[in-house]
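Here the structure is laid out as structure tokens; the discussion comes afterwards.
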Amino acid sequence: MIHDTTAVLDYWVQANPQFRGMTPLQVYDACIKALTARGFAVILNNHTNKSRWCCGVNDDNERWNESQTAEQWGNDWVMMANRYKDNPRVVGADLYNEVRRDVLVDPNWGWGNDVDWYAAAQYAADKIHLE
């Protein structure tokens, strides 16, 4: 979503025509603005890396580094944190929702390899805090 510079399709925003011609990130910005202006607290969420239905076998959304590098994922989080850091109603970040296994590999906690969710979460948090 954050790298997609193509405007959302009109039929995706039929109920909200003010979003026509916007990129997915611009729509996201508008939603964050509208929610927080009404007093809602918002937690940013990285639900999937690819903008498509998730949770099938090998959909490339299993882990933070399934369809991109861990470095790109961390850099994307820095960009999102910086984007909303001046909005006091943006109160948190769900770094990656539903970390799950692919066909062959289970993520782990603390093993120190490339599917170590603890290390990945620490990596992203450190990058955000160092900005």
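The values are calculated or read from the model by the stated rules, or taken from the named source; none is laboratory data. Here the structure is a predicted model, which means the values were calculated and not measured. Quick reminder, even Gly has a Cβ in these numbers, built from the backbone with ideal geometry, and neighbours come from all protein chains shown. Heads up: the accessible areas ignore ligands, DNA and RNA and are worked out on the full protein's heavy atoms, side chains in. Shrake-Rupley method; radii C 1.70, N 1.55, O 1.52, S 1.80 Å.
Of all residues in the stretch 1-41 being touching a residue at least 24 places away in the same chain (Cβ under 8 Å) and small (Gly, Ala, Ser), which is surrounded by the most Cβ atoms within 10 Å (Cβ to Cβ)?
Ranking the qualifying residues of the stretch 1-41, first place goes to ALA41.
Could you list, in sequence order, all residues of the stretch 109-131 that are among the aromatic types (Phe, Trp, Tyr) and either assigned to a loop (DSSP other than H, G, I, E, B) or buried (at least 16 other Cβ atoms within 10 Å of the Cβ) (or both)?
TRP109, TRP111, TRP117, TYR123
Between residues in the stretch 80-94 that are of a type in the set (Asp, Glu) and residues that are open to solvent by 60 Å² or more (accessible area, probe 1.4 Å), which pairs lie under 7 Å by C-beta distance while being six or more apart or on different chains?
Close Cβ pairs (under 7 Å, with a partner that is open to solvent by 60 Å² or more (accessible area, probe 1.4 Å)) amount to ASP94/ILE43; ASP94/ASN45.
Does ALA81 meet the test of being touching a Gly at 6+ places or on another chain (Cβ under 7 Å) and within 14 Å of ASN45 (Cα to Cα)?
When the stated conditions are applied, ALA81 does not pass them.
Is there a residue being modelled with pLDDT of 90 or more, part of a helix (DSSP H, G or I) and open to solvent by 50 Å² or more (accessible area, probe 1.4 Å) anywhere in the stretch 85-108?
No - not one qualifying residue is present in the stretch 85-108.
So in the stretch 42-62, with the set limited to residues that are open to solvent by less than 20 Å² (accessible area, probe 1.4 Å) and at pLDDT 70 or above, which one is farthest from TYR96 (Cα to Cα)?
VAL42
Just to check your reading of the model, which residue among ASN75, ASN65 is at pLDDT below 85 and either polar (S, T, N, Q) or open to solvent by less than 60 Å² (accessible area, probe 1.4 Å) (or both)?
After applying the criteria, what remains is ASN65.
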